[in-house]
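This report concerns only the one structure given below.
The values are calculated or read from the model by the stated rules, or taken from the named source; none is laboratory data. The shown structure was predicted, so the numbers you read here are calculated from the model rather than taken from an experiment. Glycine gets a Cβ as well: all are built from the backbone with ideal geometry, and neighbour counts include every protein chain shown. These accessible areas exclude ligands, DNA and RNA; they are computed on the full protein's heavy atoms, side chains included. Shrake-Rupley method; radii C 1.70, N 1.55, O 1.52, S 1.80 Å.
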Amino acid sequence: MQNYIKIRGAREHNLKNVDIDFPRNKFIAVTGVSGSGKSSLAFDTVYAEGQRRYVESLSAYARQFLGQRNKPKIDSISGIPPAVAIQQKGAGYNPRSTVGTLTEIYDYFRLFFARIGEVRCPNCNRVIQSQGIDKIIEKITKTGQNKEISVIAPMVRGRKGNYRRLFDRLLSEGFVSVIIDGALYSLDEDIDLDGRKKHEIGVMVDRLKITGSQSNAERVTDSVEIAVKKSGGTVEIEGISKDRDIYSTHYACPVCEISMGKIEPRNFSFNSPYGACPTCSGLGVKLEIDSSFVVPDDGLSVNEGAIVPWSSPITTRTGRWKGSARRFRFQMIEKISDELNFSMDIPFKKLPRKIKDILLYGSKKKFKFKLKSRNTAHTKVSEFEGAVTQLKRRYLQTDSEYVREKIQKSFMRDMECPECSGRRLKKESLSVFVNDKNIADIIRMPVKEAKTFMENLKLTEYNRKIGSKIVKEIISRLSFLIDVGVDYVSLDRKASTLSSGEAERIRLATQIGSSLVGVVYILDEPTIGLHARDTKRLLKSLKELQEIGNTVMVVEHDSQTIDVADYIVDLGPRAGVHGGNIVFSGTGKDFKNCTDSLTADYYNFKKEVRRPDKTRTPTGKEIALYGCSQFNLKDIDVRFKVGLFNCVTGVSGSGKSTLVEEILYKAVKNSTRGTKPVKTGGFKSIEGTDHIKRVINIDQTPIGRTPRSNPVTYTKVLTPIRELFANLPQSRARGYKKGRFSFNVKEGTCNKCSGRRLKKESLS
């Protein structure tokens, strides 16, 4: 096997015909100033070619789903193993993705609870055991007296397939009919099911009337026993109640008479109808009208437009709403204000609670409204529909996607599901416990705390034999998360809330858990956002990944990473057109003696970032936050100096992002007029926001949402350039406007421009 990844003539982006040999099965640090070509070499050359070769090795059928990958601009590359890239990008915005699902640890927890969980009744919390068949028959006979029932053996629950063999087998065993997705079919007919769809299939064992006679009791017993045997422990009875009654030999509460059925891993999946909370469909949140969006500024009066959906547009001369609907609404509010004796000119926040509730949520009391338009007048006796109630009704009833989207964007936000309290699962699934904790309790713990809980489990000898291997795997994967520095996150945390650095380290932990060998792992600044203490743990994990037989290539500036690297490649000497060259390649010992590298100068302390001689003078203005207590913040009070550079630091997971992004930023944003309110983190009060006119959050989210986005469009630099070219005499003579110089507008866009995006007329 070749011991080097040999690259010749790499010219991707600003790389200048680079030749480099990377040693395999080593820890390699690719460093250099920002824009020097590090990512172009590591990701756009090594990773891109590794992925392209992998795709080309697949069949033509598989390649059509993966798409064509372009060969990077190189003369040759040899010795490249399969490549895995772990980059700084969002973990995905699927609302169902969590840390637990991304790392696949949650799958092990589902299996763990399905195998050794203690089942309790969701109503009375009693521990329930499997019930005998005699008990089931007794219940059916007692509740179904003088009723005609159908005894059904469930055979298939929510699985794909056409099940022709099952139907043939049932027919040969003497069964006559089956119930498929709620419809009755005869086994003599040709049943053609769509194998790509999930089906519910039950075999009809018997149909009879319960009379209480001896012969009838024997028939009921025989039918139930056959059903239980065929289904593996479950029988369904139709005809006793409105819904089909399910009885199981597995679990049932003797007091509440609730049958739980067989406990399976899918019962703990919030992505499956068998486990997901029916109210929120497993999302943990529901989209609801938020009254703080309906009245964003309670310092305004009703006449001044405090209730936003009823306030626009307003005629400044009369203060009356335009349009008949708004005019009638104003007349109705006027009538209520007269009858309930409140003024429409005082600030909304000074109105009594009762009046606020009526304006927002309506009143069951009927009022007599006299409604006038320009040409007609009529009297209407009805209840008053509040602003929130009206928006909810319109959202549910409208056929217009535009109206629905506008209401959703302007007045709605995700609120915790009232049924499952954000835990995503059915109450039956949350009634299965291990050491007095259900699955939601454990995945809500920080990773470090969850690992401690799993290590200190108290299990019976029988459960230990069943679950020991699962527990070992869970602890191992939780340890990987701790090693990469994300021990403070919980497994139920949404993937969309992770920073790019956190998402990268979580993907790294998943890769470590997979234990692949013979792979080149390419990482993009994995230490970003980590405290020096946690960087050591991360580097230890990367070294272990390399030592089992992988090549680890890290694009990084961090000095600790350069210290432990087996091989260092420095690009430069500067950025952009002044970069793209190999300034240094070799061991750390040689790097310390390098005199041509700007990175080496700072690494060896020949140069340093000096503190400015003069600092700003405090203005005395402050923003004060009191009682901050979200996540791990413990009711703290904090002051930020206005007009100065404020730095918030601390170890990873200490609460820095929670304080600044979740509380400070959102609290100041809500206090800024003209902005839509957002849900803030937990705090008691804030002072000093009157010093701030505008607040901007600059985070680690990658810029650009489409393939058309680039730095000039994102920074809006292109706009004045387009205006400049549109105002040239040649452009005016040809009738060219700004759109002619935009690659996002039909007038300017072209597909034959050698990558310059514009039509040849625009380029001339």
Quick note, region 33-181: a/c under 1.5 would make it rounded; otherwise a/b > b/c is prolate and the rest oblate (a ≥ b ≥ c, C-alpha gyration tensor); here it is prolate
Tally up the carbon and sulfur contribution to the accessible surface of the chain as a whole percent, 1.4 Å probe, everything protein left in place. 49
In nm, what is the difference between 0.36 nm times the number of residues separating SER709 and ASN632 and their Cα-Cα distance? 24.0 nm
For a quick protection proxy, order the peptides 140-147, 231-238, 551-558 by their average other-Cβ count within 10 Å, most packed first. 551-558, 231-238, 140-147
Accessible area (Å², per residue) of region 374-461, counting only protein heavy atoms and a probe of 1.4 Å: 61
Assuming a viscosity of 1.306 mPa s and a temperature of 10 °C, what translational diffusion coefficient in µm² per second does Stokes-Einstein assign to region 357-494, Rh being the Kirkwood radius over Cα pairs? 78
Suppose R0 equals 45 Å; then what is the FRET efficiency for LYS364 and GLU761 from their Cβ-Cβ distance, rounded to the nearest 0.05? 0.10
Estimated FRET transfer efficiency (GLU173, LYS458; beta-carbon r; R0 51 Å; 0.05): 0.65
With every protein chain kept in place and a 1.4 Å probe, region 172-293 has an accessible area per residue in Å² of 51
Report, in deg cm²/dmol and to the nearest 500, the calculated mean residue ellipticity at 222 nm for the chain, where each DSSP H run with n ≥ 4 adds -39500 (n - 2.57) and the sum is divided by the residue count. -9000 deg cm²/dmol
Points 7 angstrom from Cα along the Cβ direction at ASN593 and ASN123: gap in nanometres? 8.3
Excluding residues fewer than 8 places away in the same chain, name every one of the lysines whose C-alpha is closer than 21 Å to that of LYS614. LYS641
Divide the volume of the convex hull of the Cα atoms of region 446-599 by its number of residues and quote the answer in cubic angstrom per residue. 139
Chain lengthening between VAL55 and ASP613 when straightened (0.36 nm per residue, less Cα-Cα): 195.3 nm
What order do you get for 604-616, 657-669 when each peptide is scored by the mean count of other beta carbon atoms within 10 Å, highest first? 657-669, 604-616
With the other protein chains left in place, how much accessible area per residue, in square angstrom, belongs to region 564-653 at a 1.4 angstrom probe? 67
Length gained when the stretch TYR274-ASN697 is fully extended (0.36 nm per residue, less Cα-Cα span): 148.3 nm
Set of lysines near LYS469 by C-alpha distance (under 29 Å), chain-local residues within fewer than 8 positions excluded: LYS262, LYS426, LYS427, LYS437, LYS448, LYS451, LYS458, LYS494, LYS540, LYS543
Taking the structure as given and computing P(r) over Cα pairs in 20 Å bins from 0, in percent, which label from (i) 15, 43, 33, 8, 0; (ii) 11, 31, 36, 18, 2, 0; (iii) 14, 46, 33, 5, 0 fits? (ii)
Burial ranking of peptide ranges 436-444, 399-407 (average Cβ count within 10 Å, highest at the top): 436-444, 399-407
Sites ASN727 and ARG69 - FRET efficiency at Förster radius 56 Å, r taken between beta-carbons, to 0.05: 0.85
How long are the three semi-axes of the equivalent ellipsoid of region 1-49, in whole Å, if each is the root of 5 times an eigenvalue of the C-alpha gyration tensor, listed from largest down? 19, 13, 9
The simple spin-label model distance between SER34 and LYS684, using points 7 Å out along Cα→Cβ, in nm, is 4.0
Residues of region 191-234 with amide N under 16 Å of the 7 Å Cα→Cβ point at ARG244: 198-208, 224, 227-234
Among the complete DSSP H segments of the chain, which ones combine at least 18 Å of alpha-carbon extent along their axis with a mean Kyte-Doolittle hydropathy of -0.5 or more? 461-483, 500-514
Sequence-distant aspartates and glutamates (8 or more away, or on other chains) whose Cα lies within less than 15 Å of LYS370: GLU334, ASP338, GLU339, GLU383
